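Shown next, in structure tokens, is the structure this report addresses.
The values are calculated or read from the model by the stated rules, or taken from the named source; none is laboratory data. Keep in mind that this is a model prediction, so the values were computed, not measured. Cβ sites come from the backbone with ideal geometry, for glycine too, and all protein chains shown count toward neighbours.
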Amino acid sequence: MNVFQKLKCDYKQYKNSQRASSIAIFGFVIFNAGFRAVFLYRLGFYFRTKKLRLLAIVCEKIMHHLCNCWISTNAKIGEGFCIRHVGCIVIGGRVVVGRNFDIRQGVTLGGNSNKRDMDGNSQPIIGNNVLVGAGAKILGPVKIGDFCKIGANAVVITSFDGNSSIGGVPARLLNKK
């Protein structure tokens, strides 16, 4: 799936969640800061894949100033990416995220330079259909399974299987389906 098809899936995710069927994709870019950040990430990722690094960095800088968040264009995020409330969001460069990723404001997905997995990665890998609450931090080479819900202000520093509700500081398993 190419970058523009992913952007179309992101747009559908926003339309479904906000019941705004009359607003075109251009309107979402103008009026919705969360979608604007996703749009700039997708555009920067496209430039990065075409070896246009300078344009990718420009997209990151525009995103930082217009949306108050920083999503690295090196991160790999699947289709259906949705930011509900933009602000203070940081997603590192080697983060890998599956489809239908839904986050709130103040979320950090980043590395822990003191901890690395066997591949040398220090950043999280997140499955499909994951919801991350406001202020949550997912740090280090952790793996979050499919269909997980991470509570507000949770600090995730260990891996969790799918179909789990996670919360607390440090995060622990709250409920397993």
Hits in segment 28-41 (condition: within 17 Å of residue 76 (Cα to Cα) and surrounded by fewer than 22 Cβ atoms within 10 Å (Cβ to Cβ)): 39
Counted residues, segment 126-177 - those being assigned to a strand (DSSP E or B) and either within 15 Å of the chain's Cα centre (by Cα) or not basic (Lys, Arg) (or both): 20
Count of residues meeting criterion [under 21 Å from residue 61 (Cα atoms) and modelled with pLDDT of 70 or more] in segment 11-38: 9
Members of segment 118-135 found to be buried (at least 23 other Cβ atoms within 10 Å of the Cβ) and either touching a Gly at 6+ places or on another chain (Cβ under 6 Å) or over 17 Å from residue 100 (Cβ atoms) (or both), listed by number: 123
The listed residue being modelled with pLDDT of 95 or more and of a type in the set (A, V, I, L, M, F, W, C), out of 126, 157: 126
Tally of residues being out of contact with any Cys (no Cβ under 8 Å at 6 or more places or on another chain), closer than 18 Å to residue 94 by Cα and of a type outside the set (Phe, Trp, Tyr) across segment 32-49: 3
